[in-house]
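Here's the structure we're looking at; comments come further down.
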Amino acid sequence: MMGTLWSLAAMVMAVSQLPVSAPGMSGSQSLDETLDRDEYVVGPGDLITVVVEGGCTGLMLSTGLSPMAQYRVSNDGVLAVSGVGQVTASGLTLNALEAELQAVARRSYPRTVLRVSLAAARTVRVRISGTVMQPGIYELLAIQRVSALVDSAHGLAPHSSHLGLMLLEDGLAIEVDLMTDPETGRFVSDPYLPNGAVVLFEPCLHPVYVVSFTPGHPGWTQAWDLTEPANLECFLARTGGLGGRVDLTSSVLLRGNERIPIWTEGLGFTEIAVQTGDTLTLQLRTEYVTVSGAVNLPGNIPFDPTLSVEEYIALAGGPVSTAAIGGTRTLRNGEEIESDSSPLEIYPARGDVIEVPHSWVTRNQGWISLALSAVSMAVLITTSLR
């Protein structure tokens, strides 16, 4: 992968001149992640809030210093604060900027404490290339990370490595690792996006394939890097965990002609070392109940264990006028669920299908019309022969 750095250098220099092929998040979009003050690097265009703890004296106010004010980092990377002075902010972390500004302020106000925070992040233009679904140049916020850029590019290709490089304008390269740290639950290395950076992902060199699917639907395959020996449970943790939808008892590991269950009731995960070339097939539980047939709004309805068949039919717009509601069937894995009670009183499970039939007359309307036409024709023929 390091061999690609020289070929990317020219791409980095050209990023700021190339047109944007697709937008990322807008500047007004809120971000849930807490800002890492020791990692985020300030740059031109950032809006910085400066707060004077305890307020300002009359002397401070006379110099133009405000108890709280916002200042934009200039194009040359300078932050100028009224009544304090200016510091070179570009290239500093927020904590380092606060320390620099504090040192300048104490020349005039020895006991004053200043606090600095990011009010609004600047927009950056970055390029992503290699094994992603839509390579190109995107506009995002400097507070966003490589993972957000991958999302803007519609994700990694199925055969892509989760290990990449981010090449900066000054030629430095930062390693990217979008596999999960089991201890923190976060990506191992997911750096913030600086302007003009180029992010590269390449095909997975030591892949383990994970196929996630729901019964009756095609699955989604993604390759994951086997960077070190790992047992099954550890490997799954490195890929982000299973979540609540995986049916462990129906999921298997494929190795050659072997089908190895990944979970055993009472014992937990199978004790087996994952190998390059293995395929994990993870069966997902569906999260809906399907209502079909003679209803006004047939389709999928989110699963709710407290709902009966009758209530699911109501959520599907209710039965149409030609429905034979008494003949309703609930199917599970293609087999009808038998019940001693009314078919409308059954409580479906995830993935069940409710079929509401039309009445016999409606189902056979074509044959009835054909039969009536035949009878009418026979009467006409008989009449004409008399």
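The values are calculated or read from the model by the stated rules, or taken from the named source; none is laboratory data. Because the structure is a prediction, the values reported are computed rather than measured. Neighbour counts run over all protein chains shown; Cβ positions are idealised from the backbone, glycine included.
What the table below lists for this structure:
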| item | result |
| --- | --- |
| Total residues in segment 283-299, condition in a loop (DSSP other than H, G, I, E, B) and either modelled with pLDDT under 90 or of a type outside the set (A, V, I, L, M, F, W, C) (or both) | 5 |
| Among the candidates Gly326, Gly366, Gly317, Gly334, residue that is at positive phi and either among the basic types (Lys, Arg) or at pLDDT below 90 (or both) | Gly334 |
| Output for segment 121-141, where each listed residue is part of a strand (DSSP E or B) and over 18 Å from Ile48 (Cβ atoms) | Arg125, Val126, Arg127, Ile128, Ser129, Gly130, Val132, Gly136, Ile137, Tyr138, Glu139, Leu140 |
| Total residues in segment 142-162, condition hydrophobic (A, V, I, L, M, F, W, C), part of a loop (DSSP other than H, G, I, E, B) and closer than 26 Å to Arg37 by Cα | 2 |
| Output for segment 257-282, where each listed residue is part of a strand (DSSP E or B) and farther than 23 Å from Ser161 by Cα | Glu258, Arg259, Ile260, Pro261, Trp263, Thr264, Gly268, Phe269 |
| Contacts under 8 angstrom Cβ, first residue in segment 125-137 being assigned by TED's automatic domain parsing to the domain that holds Asn195 and on the phi > 0 side of the Ramachandran plot, partner assigned to a strand (DSSP E or B) and not charged (D, E, K, R), 6 or more apart | Gly130/Ser160; Gly130/Gly164; Gly130/Leu200; Gly130/Phe201; Gly136/Ala22; Gly136/Ile128 |
| Residues that are part of a strand (DSSP E or B), without any contact (Cβ under 8 Å) to a residue 60 or more places away in the chain and closer than 23 Å to Pro44 by Cβ, drawn from segment 163-175 | Met166, Ile174 |
| Residue match in segment 153-160 (condition: in contact (Cβ under 8 Å) with a residue 60 or more places away in the chain and either over 30 Å from Val208 (Cβ atoms) or in contact with a helix residue (DSSP H, G or I) (Cβ under 9 Å, 6 or more places away or on another chain) (or both)) | yes |
| Filtered residues of segment 48-84 (kept if surrounded by fewer than 18 Cβ atoms within 10 Å (Cβ to Cβ), within 13 Å of Leu97 (Cβ to Cβ) and touching a residue at least 40 places away in the same chain (Cβ under 8 Å)) | Thr49 |
| Failed criterion for Leu254 (all others in (1) part of a loop (DSSP other than H, G, I, E, B); (2) within 30 Å of Val353 (Cβ to Cβ) hold) | (1) |
| Identity of the residue in segment 176-190, in a loop (DSSP other than H, G, I, E, B) and not hydroxyl-bearing (Ser, Thr, Tyr), that ends up nearest to Val41 (Cα to Cα) | Asp190 |
| Some residue of segment 97-120 being touching a residue at least 60 places away in the same chain (Cβ under 8 Å), within 18 Å of Asp190 (Cα to Cα) and not in a strand (DSSP E or B) | no |
